[in-house]
1. Looking at LEU331, LEU355, can you tell me which residue is more than 19 Å from the chain's Cα centre (by Cα) and within 23 Å of HIS156 (Cβ to Cβ)?
2. Which one of the conditions (1) outside any helix (DSSP H, G or I); (2) modelled with pLDDT of 95 or more; (3) crowded, with 19+ Cβ neighbours inside 10 Å does ASP61 fail to meet, given that it meets all the rest?
3. Can you confirm whether segment 316-323 contains a residue that is surrounded by fewer than 23 Cβ atoms within 10 Å (Cβ to Cβ), assigned to a helix (DSSP H, G or I) and among the hydrophobic types (A, V, I, L, M, F, W, C)?
4. Given (1) part of a loop (DSSP other than H, G, I, E, B); (2) in contact with a strand residue (DSSP E or B) (Cβ under 9 Å, 6 or more places away or on another chain), identify the lone condition not met by ASN119.
5. Read through the list (1) at pLDDT below 95; (2) part of a helix (DSSP H, G or I); (3) under 21 Å from MET278 (Cα atoms), then give the number of the only condition that GLU149 fails.
6. Within segment 315-328, is there a residue that is modelled with pLDDT of 95 or more and under 22 Å from the mean Cα position of the chain (by Cα)?
7. So is LEU192 in contact with a Gly (Cβ under 6 Å, 6 or more places away or on another chain) and modelled with pLDDT under 75 or not?
8. Might you check whether a residue that is under 29 Å from LEU426 (Cα atoms) and out of contact with any Cys (no Cβ under 9 Å at 6 or more places or on another chain) occurs anywhere in segment 300-315?
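The values are calculated or read from the model by the stated rules, or taken from the named source; none is laboratory data. Because the structure is predicted, anything quoted here is derived from the model rather than measured. Every residue, glycine as well, gets a Cβ built from its backbone with ideal geometry; the counts of neighbours run over all protein chains shown.
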Amino acid sequence: MSQPQSRRHFLRSSSALVALPVLASLGFQRFATAAPSATPPKRLIFLGFGWGVTESTWYPDISKPGADYKLSTGLAPLARHKADISVIQGLWNKYSNEGHWGSTYWLTGANRYAEPGQNFHNSISADQVAADKFGLQTRFASLQLNGAENGEASGHGPGLSMAWNASGKPIGGLNGPVAAFHRLFTKDTTPLEQQKALLAQKRSVLDAVLGNAKSLQRDLSKNDNTKLDEYFQSIRDIEVRLAKEEQWLGVARPTPTLAEPKPEINGREEIKLMYDIMIAAMQTDTTRVMTYRQPVSTLLTSMDIKVHPHDMSHYHNTLGEKFDASQRRDLAQSELLAGFIDKLKATKEADGSSLFDNIALAYGSNIRSGHELSNCPMIVTGRGAGLKLGHSIVAPKDTPLCNAWLAMLRGLGVKAERHGDSSGELTQMIA
């Protein structure tokens with residue numbers, strides 16, 4: 001370590017080499033800028049969108065909460081499910097300060113500036129808290145789905161999906177229905193022994209490199225040790241996934257209940273198809289935790305709306321094409337959600353119940369409208385977590401959004417002491 005270091009730094013063993021992250025202690029200062037069960041399992045789904053909603057026509061009248069509320073114009077397509085959904089108002093992530101990030105902190109409630117000297121910090125998302133429990137018996141601990149487009153174009157913000165691991169690092173997602181379909185259902189034709197050899201090779205690289213970690217850390221500063229710990233945690237996460245893959249070697253993937261998607265599908269039809277893929281994933285018990293970072297840009301295009309999605313969110317008044325586009329977007333999203341709930345109710349479990357009976361689902365965004373981040377739009381549904389359905393719920397002033405996530409997690413049987421900046425469960429949403 002006393003020798004001059006090159007721009008590229010590596011952790012080496014006799015048989016393995018892994019590139020290191022940027023570490024000041026190593027002379028990087030110059031480059032710092034450069035299986036089905038008799039009892040149906042519980043499931044958790046988060047559906048997120050960017051650019052908010054049309055505030056004046058999406059939210060129910062806040063002065064009339066309860067079961068007798070009137071469904072708003074933007075939620076009218078959900079009328080047939082009114083008794084089985086609840087609209088929750090008044091929740092927000094108090095640390096959020098970026099009006100273009102609809103999902104980056106939506107499920108985490110993290111403080112972006114929590115780490116001194118850093119301008120971006122995140123923490124574990126609610127779906128991954130559930131995945132730690134529900135993912136033990138399925139091929140995939142969780143499934144991260146994205147629209148087949150750039151996430152920031154649809155107002156989502158940084159991240160590879162809506163999911164973030166225990167270290168607050170982004171978890172990659174599957175972009176579009178084609179990628180999701182093949183991940184779930186396409187058979188790996190590589191011979192079994194070759195698959196085992198490939199997995200063993202990957203594991204040996206990680207084992208060899210991590211074996212030299214302690215000697216390296218003795219020469220690093222406190223800040224660089226922290227950074228390296230995070231880096232090694234990401235490698236440990238890979239090890240966990242490798243172990244998971246080993247468990248499922250030789251186990252045939254389930255037969256899909258739908259046809260292979262065509263690559264040219266996008267927008268409205270893409271969302272509808274992705275909902276079908278999620279149904280199939282639950283039917284085959286391939287995973288029990290899913291997030292879907294929905295497209296907005298291609299949704300507008302598929303509806304022949306010419307307004308740019310960012311401009312649409314800044315409609316400012318009740319006249320003009322921006323306001324019209326925003327309202328049409330709300331209706332389309334509500335129609336698609338209503339269709340998804342139809343299928344959740346119609347899809348039967350082995351014991352005669354429905355998927356709807358065993359699921360908790362949240363639908364919403366971190367953005368209210370424009371750049372406004374308080375009163376996040378939110379709908380919850382599904383009977384799996386003991387949620388109060390059929391109500392317009394108004395949370396007390398300054399209630400953290402994470403209070404709702406905590407209530408959902410606990411309702412599903414996940415023993416979480418807290419989540420994000422939660423101050424307790426949102427009791428108003430518990431039946």
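1. LEU331
2. Result: ASP61 passes all but (3).
3. yes
4. (2)
5. All conditions are met except number (2).
6. Scanning segment 315-328 turns up no residue that is modelled with pLDDT of 95 or more and under 22 Å from the mean Cα position of the chain (by Cα).
7. yes
8. yes
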